[in-house]
1. For the stretch 85-98, check the following and say yes or no: at least one residue is closer than 30 Å to P130 by Cα and either aromatic (F, W, Y) or modelled with pLDDT of 95 or more (or both).
2. Going through the stretch 42-52 one residue at a time, which ones are surrounded by 20 or more Cβ atoms within 10 Å (Cβ to Cβ) and within 30 Å of L129 (Cα to Cα)?
3. Being over 17 Å from the mean Cα position of the chain (by Cα), at pLDDT 90 or above, of a type in the set (D, E) and surrounded by 14 or more Cβ atoms within 10 Å (Cβ to Cβ) narrows it down to one residue among E6, E56; which is it?
4. Answer yes if at least one residue in the stretch 65-85 is in contact with a Phe, Trp or Tyr (Cβ under 8 Å, 6 or more places away or on another chain) and among the basic types (K, R), and no otherwise.
5. Taking the stretch 60-117 as the region of interest, how many residues are more than 27 Å from G8 (Cβ to Cβ) and not hydrophobic (A, V, I, L, M, F, W, C)?
6. What about L63, is it modelled with pLDDT under 95 and either part of a loop (DSSP other than H, G, I, E, B) or in contact with a Lys or Arg (Cβ under 9 Å, 6 or more places away or on another chain) (or both)?
7. Kindly provide the set of residues from the stretch 24-41 that are surrounded by fewer than 18 Cβ atoms within 10 Å (Cβ to Cβ) and either among the polar types (S, T, N, Q) or within 11 Å of the chain's Cα centre (by Cα) (or both), ordered by number.
8. Quickly run through the stretch 1-52 and pick out the residues that are basic (K, R) and assigned to a helix (DSSP H, G or I).
Amino acid sequence: MKNYQEIGAFILRVVLGITFFVHGLTKFQSGLGGLAGWFQSMGIPGFMAYAIGTIELVGGIALILGLGTRIISALLIAIMVVATLKVKLAAGFLGNGQGAGYELEVALMVMALHLALNGSSFLSLDSRLPFTKARAAARA
């Protein structure tokens, strides 16, 4: 039986993947053009809306499947850092009555940080790929 840490990382990976998949899907469903304009109003290039939406959507699926977990998690950390600093910081940790705070971004960032540092091989596609098995054997 797998140890509890691996099962915990698996649960974290799947929940984080579902969360970002839904956020990315929502961005695409509501139209990235409006989001691109909002980004530009904050001094962020508009094309980043498309990049972020794609990373969230495709990255969420990849996390659920356990494919590229460390890389996807690192990208999600970067997105959460920028979201916190550019959008949510002024509202405070819990919000200011006019907007949500950055507590969710911090929680998602810490979840992604755990996965970026430790990975998650339980029920992952990464653990089934030949080149990742060879790497794991070389480390042992």
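1. Taking every residue of the stretch 85-98 in turn, none turns out to be closer than 30 Å to P130 by Cα and either aromatic (F, W, Y) or modelled with pLDDT of 95 or more (or both).
2. Of everything in the stretch 42-52, just one residue is surrounded by 20 or more Cβ atoms within 10 Å (Cβ to Cβ) and within 30 Å of L129 (Cα to Cα), namely I52.
3. E6
4. Scanning the stretch 65-85, I find no residue that is in contact with a Phe, Trp or Tyr (Cβ under 8 Å, 6 or more places away or on another chain) and among the basic types (K, R), so the answer is no.
5. Summing the residues that are more than 27 Å from G8 (Cβ to Cβ) and not hydrophobic (A, V, I, L, M, F, W, C) in the stretch 60-117 gives 8.
6. Answer is no for this residue.
7. Across the stretch 24-41, the qualifying residues are T26, Q29, S30, Q40, S41.
8. Correct list: R13, K27.
The values are calculated or read from the model by the stated rules, or taken from the named source; none is laboratory data. Not measured: the values here are computed from a predicted model. Don't worry about glycine lacking a Cβ; one is built from the backbone with ideal geometry, like all the others, and counts go over all protein chains shown.
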